[in-house]
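Participant: Provided herewith is a single structure, encoded as structure tokens, for subsequent inquiry.
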Amino acid sequence: MIFRHTEAVRSAHPGLAAGALHATGVDGTADVEARVSEYTARAQARLADGPESRFPEVLAWRSTFARMGLRPTQYRCASESLLRRLRKEGALPRIHPVVDLCNAVSVAYAVPIAVLDTVRITGPLLEVRPARGDEEYTTFDGRTEHPAPGEVTYADSAGRAHARRWTNRQSGHSAVREGTRRILVVAEAMHEGGADTVARLLEALEKELTALWPVTPVTALLTDAEPEFGLHDDGRVR
């Protein structure tokens, strides 16, 4: 399977900085609480100086959503939603060790992270592209939606949408669950200096996954020159 952002997305959003990580061998048994606490504490320290709406990482995504015709205060990127919840409730939800860790890393770096179960994605291609309008998106409560034509989504080769409004909401179909063993993690930033932020985020996540699970993650920064991240069906990265 190949993951990529299409030229249409890259041309419309030249500030995009993205990176991907693939790992095989995760499960739901690891104790991530100490690591989650450390990353959320970093975010809380930053929030003590002002709300997430002032963060340059969040402001850049708000501007991106506005350019796409979305109201930024109605549709928020995932990291802003998590930061907002952390500020209001003092904690993040607990879902699955892999998701909990990625959510904590996301708030620490204020960058949205998608975590997908690769077994639930139909290859050979998963790409971030404008929707045609006929893609099927499954909500977390099992309902079917169709992204609006032109809406940026993660779409696989079967025409299934794995996100709504780009970084706003993931799909329940490819969400990490008890039986998940292979994951694709994607981090996307729009702010100035985003490439450096994404690189540091991937480095941190690779370190944490290696320490918590018997995995050897593979990471890549996705650029205009090298926009594709390819995975073999057996889990190896090519």
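The values are calculated or read from the model by the stated rules, or taken from the named source; none is laboratory data. All values derive from a computational prediction rather than experimental measurement. Glycine also receives a Cβ, built like all others from the backbone with ideal geometry; neighbour counts cover every protein chain displayed. What goes into the accessible areas is simple: the full protein's heavy atoms, side chains included, and nothing from ligands, DNA or RNA. Shrake-Rupley method; radii C 1.70, N 1.55, O 1.52, S 1.80 Å.
Participant: Stretch GLN74-GLN44 to full length: gain in nm at 0.36 nm per residue minus the Cα-Cα span?
Facilitator: The span from GLN74 to GLN44 would gain 8.5 nm if fully extended.
Participant: Another question about this same structure. Please compute the net charge surrounding ALA187, taking Lys and Arg as +1 and Asp and Glu as -1 over other residues with Cβ under 13 Å from its Cβ.
Facilitator: Here the count lands on -4.
Participant: Taking the radius of gyration and the Kirkwood hydrodynamic radius from Cα positions alone, what is the Rg/Rh ratio for region 93-136, to two decimal places?
Facilitator: With Rh from the inverse mean 1/r over Cα pairs, Rg/Rh is 1.07.
Participant: In Å and from the alpha-carbon atoms only, list the Rg and Dmax of the chain.
Facilitator: 16.5, 46
Participant: Then there is this: For ALA8 and ALA199, calculate 0.36 nm times their separation in residues minus their Cα-Cα distance, and state this gained length in nm to one decimal.
Facilitator: Going from the current span to full extension adds 66.4 nm.
Participant: With a 10 Å radius around each residue's Cβ, average the other Cβ atoms per peptide and rank 160-169, 107-116, 83-92, 142-151, highest first.
Facilitator: Top of the packing list down: 107-116, 160-169, 83-92, 142-151.
Participant: I would also like to ask the following. Sequence-distant or interchain residues sharing an amide H contact under 5 Å with LEU222, placed H: which?
Facilitator: Result for LEU222 returns ALA18, GLY19, ALA20.
Participant: By how many nm would the segment from LEU59 to GLU89 lengthen if fully extended, with 0.36 nm per residue of separation less the alpha-carbon distance?
Facilitator: Residue separation times 0.36 nm, minus the Cα-Cα distance, leaves 8.6 nm.
Participant: Hey, another quick one. Rounded to a whole number, what is D in µm²/s for region 9-85 from Stokes-Einstein with the Kirkwood radius over alpha-carbon pairs (10 °C, 1.306 mPa s)?
Facilitator: Details: Rh = 15.0 Å.
It diffuses with D of about 106 µm²/s by this estimate.
Participant: Of the listed peptides 93-102, 195-204, what is their order by residue-averaged count of other C-beta atoms within 10 Å, with the highest listed first?
Facilitator: Peptide ranking by packing, descending: 93-102, 195-204.
Participant: Moving to a separate point now. Per DSSP H run of at least 4 residues, take -39500 (n - 2.57); add these up for the chain, divide by its residues and hand me the 222 nm value, nearest 500 deg cm²/dmol. If you can, show how the numbers build up before the last one.
Facilitator: Working: 6 runs with 77 residues, N = 238.
Calculated from helices alone, the mean residue ellipticity at 222 nm is -10000 deg cm²/dmol.
Participant: Determine the share of region 63-175's accessible area contributed by carbon and sulfur atoms, expressed in whole percent, with a 1.4 angstrom probe.
Facilitator: Exposed carbon and sulfur together represent 48 percent of the surface.
Participant: Ranked by accessible surface with a 1.4 Å probe, highest first, in what order do ARG67, ARG181 come?
Facilitator: My answer, sorted largest first, is ARG67, ARG181.
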